[in-house]
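**Student:** What follows is a structure written as structure tokens; I'll ask about it next.
All of the numbers you see were taken from the coordinates with simple rules; none came from a lab. All figures in this text were calculated on a predicted structure; none of them were measured in a lab. Cβ placement follows ideal geometry from the backbone for every residue including glycine, while neighbour counts extend to all protein chains displayed.
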Amino acid sequence: MARPYPVPNATIPYWRTELHELDSHRSTPELPQKQDIVIIGAGFAGAALAKYLLEDDSPSSSVKPSITILEAREACSGATGRNGGHLRPDLFVSLAARMQEAGLKAANSVALFEVANEKAVAALVAEENIACDLQQVTTADTFVDQAEAAKIKKLWDVMVRLDCPTLKEVMYHGPEDAERVTGVKDAKVAFTYPAHTVWPYKLVMHILAGAVRAGVNLQTHTPVYEVSGAPDGEGYWALSTSRGVVRAKKVVLATNAYTSGLLPEYDDAIYPARGTVCRVVPKTQAEVKLGSCAVEIQSPASVDCYYGTRPDGSLVIGGAKTTFNDRRNLWYRNYDDSTLIEPAVPYFPAWPGKALAGWEGKEVQMDRVWTGIMGYSADEAPHVGPVSSKPGLYICAGFNGHGMPNVLLCAKGLAKMIKEGCPFSQTGVPACYETGAERLRKISKRNAAPAINRARADIFLKHSYGS
Ligand SMILES: Cc1cc2nc3c(=O)[nH]c(=O)nc-3n(C[C@H](O)[C@H](O)[C@H](O)COP(=O)(O)OP(=O)(O)OC[C@H]3O[C@@H](n4cnc5c(N)ncnc54)[C@H](O)[C@@H]3O)c2cc1C
């Protein structure tokens, strides 16, 4: 099977219709030959890493490392520039799924970390006055299928008896008021909680621009084809690119879905999965009850569609997986974001009329539809930390359809490891995100096992916005 690389001529997402001046930037006409640190990938993870690597924590550290970012296409043209725009910690559904797979402690640590990320993003936006349409919203996970609703209610009843700090933010709505509260037709059960929506490209380009101002050399349109198998005698890794070789003491792969293109040992652990999103504009006024909402049909892989509202009254809708889930070649290990997922295209504009109360018969105009490539993590958790047996190589990738409430503090934690040499346990990143040879071995072993052994839990809800 071909290894994943960013493809040319990607579909144009709504988020990339107002381009930043650094979109195709090259800080220097030639590539630098030797750097202290090279980051591969200029998405949310790459930009955040650059920011934190340059941030002065100690006033005595006057010498800043030389840092270059190598990006295959335009800046923020990967998953970050083509996602659903939700900054939405998962306070219940994923918490419950992870609790069943990995135990309560791990589940709570991830949910709390996601809340901390949401707060960190909101604080950064406020501090730096970032114009990225960050909106505080009430979001919902809404279940319309009777049997699923009954299962999830049972799970809720179990979870509320456990010590789960993030559940305090979640409100349960039963059959009597789920539709009224969410505006989702035939909603049987819903869970509402606070979240945000955001223009992800504008957020990340602001962060990237700050890093460039602070001295980072940004090189867009520079795909890396290969990372050397080992460092040379001076301890430098050689990165072969379309424009020559760059050598670096430390290399961070912020390559998300495309990670195994450069590090084949991650092929089982992080694989590309294509998703699709659109923006629709109602032709006449129509009410949405919530700022964002996911509508679930059945589990696993249960999301029908999810939407986020824009300040102009339009909706960004993603998902539609029910239209193409069984045609695996359309999404599984598919890294072609230059073409659409055709079955989803007619489904999107019809969806509000079908799913949202008061939208029946309302005409909506499909403004734009696009695809994007998620980095699915086989064991659901991102991979953060040093790459095993490759001193000086690091990874910050595998964010599923759920990177917005994860990336910032993963990058901050990893930057601390790289700058200060601190152990993973002192980064504040959940333990289950730590990458390593043992974790990769476990994943490969599990992948090789019969599928029947995988999702054993009675109620298993795989939840990702991109699905
Ligand atoms: C359709 C879709 C909907 C989603 N919806 C949401 C949502 O609503 N909320 C949410 O939280 N998350 C969502 N996600 C997931 C979220 O967008 C990602 O988890 C997050 O953006 C990951 O950021 P990143 O920087 O790791 O990856 P990316 O943004 O993909 O950045 C990786 C970069 O690395 C570059 N790169 C890769 N390989 C190479 C190479 N060999 N050489 C040079 N450069 C390379 C790529 O070109 C890319 O720019 C969605 C994703 C998709 C695709």
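**Student:** If you place +1 on the Cβ of every Lys and Arg and -1 on the Cβ of every Asp and Glu, how big does the dipole about the Cα centre of the chain come out, in debye to the nearest 20?
**Tutor:** Numbers: 50 positive and 50 negative charges, 141 e Å.
Value, rounded to 20: 680 debye.
**Student:** Projected onto the charge dipole of segment 12-94 (+1 at Lys/Arg Cβ, -1 at Asp/Glu Cβ, origin at the Cα centre), which of 94, 49, 33 gives the Cα projection farthest towards the positive end?
**Tutor:** 94
**Student:** Considering the dipole of the chain built from charges on the beta carbon (Lys and Arg +1, Asp and Glu -1) around the Cα centre, which of 210, 428, 282 is farthest to its positive end?
**Tutor:** 428
**Student:** Remind me, relative contact order of the chain in percent, using alpha carbon pairs under 8 angstrom and six or more residues apart?
**Tutor:** Values: 1026 pairs, mean separation 108.9, N = 467.
It rounds to 23 percent for the chain.
**Student:** Let me ask something else. From the square roots a ≥ b ≥ c of the eigenvalues of the alpha-carbon gyration tensor of segment 1-125, which class results: rounded (a/c under 1.5), prolate (a/b over b/c), or oblate? Each step should come with its number before you reach the end.
**Tutor:** Numbers: a/c = 1.95, a/b = 1.34, b/c = 1.45.
Oblate, since a/c reaches 1.5 and b/c is not below a/b.
**Student:** What's the local net charge at residue 234, with K and R +1, D and E -1, over the other residues with C-beta under 14 Å away?
**Tutor:** On the way: positive: 34, 247, 249, 250; negative: 36, 232.
Here the count lands on +2.
**Student:** Further question on the same structure: What ranking do 155, 340 get, fewest neighbouring Cβ atoms within 10 angstrom at the top?
**Tutor:** 340, 155
**Student:** Related question: Quick one: grab the alpha carbon gyration tensor of the chain, order the square roots of its eigenvalues as a ≥ b ≥ c, and give me rounded if a/c is under 1.5, else prolate or oblate depending on whether a/b is larger than b/c. Let's see the in-between values first.
**Tutor:** Values: a/c = 1.69, a/b = 1.46, b/c = 1.16.
Prolate.
**Student:** Separate question: Which of the peptides 83-92, 347-356 is most tightly packed, and how do the rest follow, judged by the mean count of other Cβ atoms within 10 Å per residue? Display every interim value, and only then the final one.
**Tutor:** On the way: 83-92: 27.0, 347-356: 19.1.
Averaged packing, sorted descending, gives the order 83-92, 347-356.
**Student:** Let me ask something else about it. Kirkwood Rh over Cα pairs of segment 95-254 into Stokes-Einstein at 25 °C, 0.890 mPa s: D in µm²/s?
**Tutor:** Numbers: Rh = 20.0 Å.
Here the translational diffusion coefficient equals 123 µm²/s.
**Student:** Just add up the charged neighbours of residue 10: K/R +1, D/E -1, any other residue whose Cβ is under 10 Å from the Cβ of residue 10.
**Tutor:** Working: positive: 16, 73, 82; negative: 74, 336, 337.
Once positives and negatives cancel, what remains is 0.
**Student:** Considering only C-alpha atoms, what is the centroid distance from segment 1-37 to segment 314-342, in Å?
**Tutor:** Computed from Cα coordinates, the inter-centre distance equals 23 Å.
**Student:** Using only Cα atoms, locate the centre of segment 220-239 and the centre of segment 95-170, then give the distance between them in Å, rounded to an integer.
**Tutor:** Taking the Cα centre of segment 95-170 as reference, the centre of segment 220-239 is 39 Å away.
**Student:** Next up: Let me check against my output: what whole-number percent is the relative contact order of segment 275-347, with C-alpha pairs under 8 Å and at least 6 apart? Mind showing how you got there, number by number?
**Tutor:** Numbers: 92 pairs, mean separation 22.3, N = 73.
Computed over segment 275-347, the figure is 30 percent.
**Student:** Shape verdict for segment 202-335, please, from the Cα gyration tensor: rounded (a/c under 1.5), prolate (a/b greater than b/c) or oblate. Before the final figure, lay out the partial values.
**Tutor:** On the way: a/c = 3.35, a/b = 1.73, b/c = 1.94.
Judged from the Cα gyration tensor, segment 202-335 comes out oblate (a/c at least 1.5, b/c at or above a/b).
**Student:** Counting only helical runs of four or more DSSP H residues, what would the 222 nm mean residue ellipticity of the chain come to if each run contributes -39,500 (n - 2.57) and the total is spread over all its residues?
**Tutor:** -8000 deg cm²/dmol, from helical runs alone.
**Student:** A follow-up question, please. In segment 252-294, which trypsin sites (Lys or Arg not before Pro) are in a loop and have at most 11 other Cβ atoms within 10 Å, using DSSP for the loop call? Before the final figure, lay out the partial values.
**Tutor:** Details: sites: 274, 279, 283, 289; in loops: 283, 289.
Hits after loop and neighbour filter: 283.
**Student:** Right, here's the next one. By Kyte-Doolittle mean hydropathy of at least 0.5 and Cα axial length of at least 27 Å, which whole DSSP H helices of the chain are selected? Spell out each step's value before the answer.
**Tutor:** Numbers: long enough: 104-127 (34 Å, 0.80).
Flagged H segments are 104-127.
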